[in-house]
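Asks: One structure follows; several queries about it will come next.
The values are calculated or read from the model by the stated rules, or taken from the named source; none is laboratory data. Bear in mind the structure is a predicted one, so any value in this text is a computation, not a measurement. Note: ideal-geometry Cβ built from the backbone for every residue, glycine included; neighbour counts use all protein chains shown. We work out accessible area using only protein heavy atoms, side chains counted, and drop any ligands, DNA or RNA first. Shrake-Rupley method; radii C 1.70, N 1.55, O 1.52, S 1.80 Å.
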Amino acid sequence: FGSSGITSYDSGENDYPTSLIIDSEQRILVANNRCCDAPRAAILRFSPNGQLDTGFDGTSALATLGASNNVSQMKLDANQKIVLVGSATTSGSLALVARLLPNGQLDSDFSEDGFTLVDLDDVETASRYSYFEDFVITTTGKISAIGGGNTPNKREAVVFFKTNGNLDVSGTNQTGMARFASATGVDFAELNSIAQDGDGFLVVGGGAIDESSWNSGFATVLRFGSNGLLDPDFDNGGIH
């Protein structure tokens with residue numbers, strides 16, 4: 001593999017790989033965020049022996065997602081299509097979910113252009129920074145993503161998408177989105193990971209800090225039902 005078990009890649013900028021997956025042909029796909037003069041992300045593919053696949057089109061596909069973009073997490077769906085979440089800068093930073101074909105090109109059957117941008121910020125905020133941190137592809141093929149935005153006291157968000165990339169508004173009060181605070185009086189919080197358990201519930205983990213003192217930290221676990229609402233049978237209204 002590579003040279004002495006190691007392969008390396010240098011874009012000529014500062015490279016920050018954030019996610020790695022292996023497809024059905026044992027090829028290695030890496031989400032690489034490049035910084036800092038013109039931040040943007042690229043998906044790289046390597047052969048099973050560690051050679052860069054120059055015929056893969058992931059780089060040019062991501063160039064269409066905004067003036068700058070980054071990828072937080074990347075996974076393969078049941079059809080070996082590449083699903084990813086992160087953020088893209090168009091007019092402010094918007095949370096991003098996208099789907100690429102196995103050849104790295106945007107999937108035109110996903111949303112309108114192969115990707116969906118979601119604003120998770122308060123409508124009155126001047127400093128916008130919506131983003132997605134992680135996601136899960138459920139057993140039905142739908143996508144549930146976690147992230148946040150500049151929304152005072154309720155920065156965390158769980159967003160639900162149909163298999164075609166459009167918001168799933170059948171639950172969560174017909175918005176496709178659930179916002180909440182981790183605990184009473186907590187100002188700063190962040191969701192880090194999401195998974196689906198064997199009963200179809202979505203389990204979300206993260207943390208929170210009380211900005212008023214900066215010495216109170218909290219670990220947080222939440223559980224959502226398939227309707228996108230917190231599970232009232234899980235600890236205190238769905239939040240532990």
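Asks: Would you work out the relative contact order for region 17-61, in percent, from Cα pairs under 8 angstrom that are 6 or more residues apart?
Replies: RCO, region 17-61: 28 percent.
Asks: Could you derive backbone 3J(HN,Hα) for region 55-64 from the dihedral phi with the Karplus parameters 6.51, -1.76 and 1.60 (θ = phi - 60°), listing whole Hz in sequence and x where the residue is Gly or Pro?
Replies: x, 7, 9, x, 5, 5, 5, 6, 5, 8
Asks: Checking the cross-link filter: which aspartates and glutamates have an alpha carbon closer than 19 Å to that of residue 81, excluding same-chain neighbours under 8 positions apart?
Replies: Counting by Cα, and skipping residues close in sequence, residue 81 has these aspartates and glutamates nearby: 23, 25, 53, 57, 107, 109, 112, 113, 134.
Asks: Can you find, among 100, 48, 152, the residue farthest towards the positive end of the dipole of the chain? Put +1 on the C-beta of Lys and Arg, -1 on that of Asp and Glu.
Replies: 48
Asks: Sticking with this one: So with the 1.4 Å probe, I'd like the accessible area per residue for the chain, rounded to whole Å².
Replies: Heavy-atom accessible area per residue stands at 48 Å².
Asks: Still on this structure: Over the chain, with a Gaussian network built from C-alpha contacts below 10 Å, which listed residue (114, 198, 165) shows the highest mean-square fluctuation?
Replies: Checking each option, the largest mean-square fluctuation is seen for 198.
Asks: Let me check something: with ligands and nucleic acids excluded, how do 7, 140 order by accessible area (1.4 Å probe), largest to smallest?
Replies: On the way: 7 55, 140 100 Å².
Of 7, 140, the descending order of accessible area is 140, 7.
Asks: Summing Lys, Arg as +1 and Asp, Glu as -1, what charge do residues with Cβ under 13 Å from the Cβ of residue 78 carry, residue 78 excluded?
Replies: Overall, the nearby charge balance is +2.
Asks: Given the -39500 (n - 2.57) contribution per DSSP H run of 4+ residues, what per-residue ellipticity at 222 nm results for the chain, rounded to the nearest 500 deg cm²/dmol?
Replies: -500 deg cm²/dmol
Asks: Continuing with this model, one more query. Let me check against my output: what whole-number percent is the relative contact order of the chain, with C-alpha pairs under 8 Å and at least 6 apart?
Replies: Details: 598 pairs, mean separation 23.8, N = 240.
10 percent.
Asks: Give the cross-link partners of residue 142 among the aspartates and glutamates, using a straight C-alpha distance below 12 Å as the criterion and excluding same-chain residues fewer than 8 apart.
Replies: 77, 168
Asks: Under 8 Å for C-alpha pairs, at least 6 residues apart: give me the relative contact order for region 29-105, rounded to a whole percent. Before the final figure, lay out each step's value.
Replies: Working: 149 pairs, mean separation 19.5, N = 77.
Relative contact order here is 25 percent.
Asks: Running a GNM on the chain with Cα contacts under 10 Å, which residue among 86, 148, 50 ends up with the highest mean-square fluctuation?
Replies: Highest fluctuation of the listed residues: 50.
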